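Novice: The structure's right below; bear with me while I get my questions together.
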Amino acid sequence: PLQHKGLDEHDQLEPLDEENLDPESFDLVAPAEKVIKQYSLETRSELLFSTEHLKEIFRDPDFLLQFMGFMNTYRQASCSILIYYMDAVKALKAINYSNAIAESLEPISGFDFTVTSVTKTDNTELEEKARLAFDALVREDLPAYITHSYIQTVSLSIQRRITGTLPSHLREASEGLAEVFCLTDPSRPDNPIVFASEEFHRTTQYGMSYVLGRNCRFLQGPKTNPFSVRRIREKIEAGQEHCEVILNYRRDGSPFMNLLMCAPLCDSRGTIRYFIGAQVDVSGLVKECSGMDSLRCLANKSEPSETPENGKVREEELPRDELQDLSQMFNLEELDTVRRWGGRMRKENQDEAKYGNYIDGNWSKPRVLISSGSPDANTEYGGLSHGAGRLSGIYENYLLVRPCPSLRILFASPSLRIPGILQSPFMAKIRGSNRVREGLIQALADGRGVTAKVKWASKTDLEGRNRWIHCTPLIGSNGAIGVWMVVIVDDEASVLPSRRFKMAPPVDPKFGQSIPTYQQNEAGSLHDCALINGDRDASVKGGRSSTGSHDEMDGSGSPYSLRIE
């Protein structure tokens, strides 16, 4: 449910049952101290936009991945401050790790200089810069992330509400959805409301006589986020559309979470004449933490229930060390450096790696299955179990490809060894959807074995035909990938004998009511059109040459279609 109305389910004001009532009691309803703490939308709103919420997102890798994906897609201008913050935190964790090592140094008998402890290193300036960067993310980017999440849910609900496909149990909780609007006139002082829908009055509880002629700020209250107000004001002054989740208040003082979407209305000359504002009450989404698992986790910690989970230890309560905290901040390049060079100064580690200890190498990664019909390009896969990709004639078609980032073909089976294939880019052979290509590249870059259904291109078929590729990494002595073995298997459905058709070539515009006879060398014939389009071996059904007269063609040999054998 998008909306939340009436008393909370824990606000128990029903009369007490006399069967369970003490005869000497004067209570009419349950005493307040026995009632579970009442839910507060204002408190949840502060939690939603709080620093602790973003910290919760950064604590969980899944939450952080979603947040960073949103930033890369919709907030690219803010990615620089995100990277700045993460690098600053990484530097601080490196300092903490160095301090931990220094504190673990023990005095050595006979060496007086080891007796005194090492002064702890700190960097207050860096800590302040990291805090300011994080505050900027909380202030500007966290609200945008929250707004984007709620827009996805609301958009689907509006579509279902309009089409009548919204489930019956959600209709009442979504009353008035897609019907709460107001229109303002920026040419008048203070940009007042000049029109408002009935649902606007019903939602806000303000009558028409009060609303019209006033700025929308009367909906603000004591817990309204001032940064949200500033962003809305700046966007309106700039004449730009904007979406914002903001805490507003009804006339009776009750709060509601408002998903506000406003946009300028321009005339034929591009002059802004009015602003349209659409409001959706999303208090129910905030209360249930719908689509916001990070908020749910934070709410469970901040608002503990009466029956906590016994025996369950939270991740932050587990023992941690400084190296673990630092290693979590490493990017892929740094992780690769640690994997390749870590422990080089300790001989025993080299010996273990030399004799087959590849636990940290590329041995335990599950295989990936990528199919154009699969909604998820990263499905873990155990092997080829379907008929279309069965490994008959397995070594007939194969390639050996350099690992990323090169991905150049080094060797090919005799069946694939055509001029120019060696040292050519492997991905140049892959056609089809971008999702499949990107999923394949990502799997190869991650060092994960991958099986994919692709469009395999050739010089005679640039569009490509369906084939399965089965890529397996071959690992070197140091645990790194040396080369990829790529086995190529034909898709059974694509090798069945069948006729293919191509779209008809252009027809001479003069062709019409009269049917002239075209000579072999006359421009504009079907044969010339076919040659122009690259179909030199094309023939018209029935075996009749296109250089003959149209009087000789039967009805199935229409000049508007050309059949390719």
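Novice: Between S98 and R339, what is the label-to-label distance in nm when each label sits 7 Å out along the Cα-to-Cβ direction?
Specialist: Roughly 2.8 nm, to one decimal.
Novice: In whole Hz, what ³J(HN,Hα) sequence does segment 201-217 give by Karplus (6.51, -1.76, 1.60; θ = phi - 60°), x for Gly and Pro?
Specialist: 5, 5, 6, 8, 6, 8, x, 5, 5, 7, 6, 5, x, 10, 6, 5, 5
Novice: Starting at the first residue of segment 444-454, write each ³J(HN,Hα) from the Karplus equation 6.51 cos²θ - 1.76 cosθ + 1.60 with θ = phi - 60°, in whole Hz, x for Gly and Pro.
Specialist: The phi angles translate into 5, 5, 7, x, 9, x, 9, 10, 9, 9, 10 Hz.
Novice: Convex hull over the Cα atoms of segment 175-295, averaged projected area in nm²?
Specialist: If I average the Cα hull's projected area over directions, I get 8.2 nm².
Novice: Additional query: Using the structure shown, select from K55/K223; K90/K223; K90/K235; K235/K301 the pairs with a Cα to Cα distance greater than 28 angstrom.
Specialist: Distance filter (> 28 Å) returns K90/K223; K90/K235; K235/K301.
Novice: Go through L48, L92 and list them by solvent-accessible area, largest first, probe radius 1.4 Å.
Specialist: Solvent-accessible surface, decreasing: L92, L48.
Novice: Okay, next question. Probe radius 1.4 Å, ligands and nucleic acids ignored: give me the carbon and sulfur share of the accessible area of segment 175-295 as a rounded percent. Don't skip to the end; give the middle numbers.
Specialist: Details: 2990 of 5900 Å².
In segment 175-295, the share of accessible area belonging to carbon and sulfur is 51 percent.
Novice: For N225, which sequence-distant residues (separation of 5 or more, or a different chain) have an amide H within less than 5 Å of its own amide H, given hydrogens modelled in the peptide plane?
Specialist: Here the answer is L247, since their amide H atoms fall under 5 Å of that of N225.
Novice: Moving on. Give me the distance in nm between label points sitting 7 Å out from Cα along the Cα-to-Cβ direction at V115 and R217, one decimal.
Specialist: Label at V115, label at R217, 7.0 nm between them.
Novice: Starting from 0.36 nm per residue, how many nanometres of slack lie between E438 and E46 once their C-alpha separation is accounted for?
Specialist: Numbers: separation 392, 0.36 × 392 = 141.12 nm, distance 3.94 nm.
Contour length minus Cα-Cα distance gives 137.2 nm.
Novice: Taking amide H atoms as placed 1.01 Å from N in the peptide plane, list the residues 5 or more away in sequence, or in a different chain, whose amide H sits under 5 Å from that of V180.
Specialist: Placed amide hydrogens put Q279 under 5 Å from V180.
Novice: What residues have an amide H closer than 5 Å to that of L410, excluding those fewer than 5 places away on the same chain, when H is modeled at 1.01 Å from N in the peptide plane?
Specialist: L400, V401, R402, Q423
Novice: Which shape class, rounded, prolate or oblate, goes with segment 31-104 when its Cα gyration tensor gives a ≥ b ≥ c as root eigenvalues, a/c under 1.5 marks rounded, and past that a/b bigger than b/c marks prolate? Walk me through the numbers on the way to the answer.
Specialist: Working: a/c = 3.50, a/b = 1.47, b/c = 2.38.
Since a/c reaches 1.5 but b/c is at least a/b, the shape of segment 31-104 is classed as oblate.
Novice: Next up: Taking all protein chains as present, what is the carbon and sulfur share of the accessible area of segment 398-494, in % to the nearest whole number, probe 1.4 Å?
Specialist: C and S atoms contribute 56 percent here.
The values are calculated or read from the model by the stated rules, or taken from the named source; none is laboratory data. Note that the structure is a prediction, hence the values are computed from the model and not measured. Quick reminder, even Gly has a Cβ in these numbers, built from the backbone with ideal geometry, and neighbours come from all protein chains shown. Heavy atoms of the whole protein, side chains included, go into the accessibility calculation; ligands, DNA and RNA do not. Shrake-Rupley method; radii C 1.70, N 1.55, O 1.52, S 1.80 Å.
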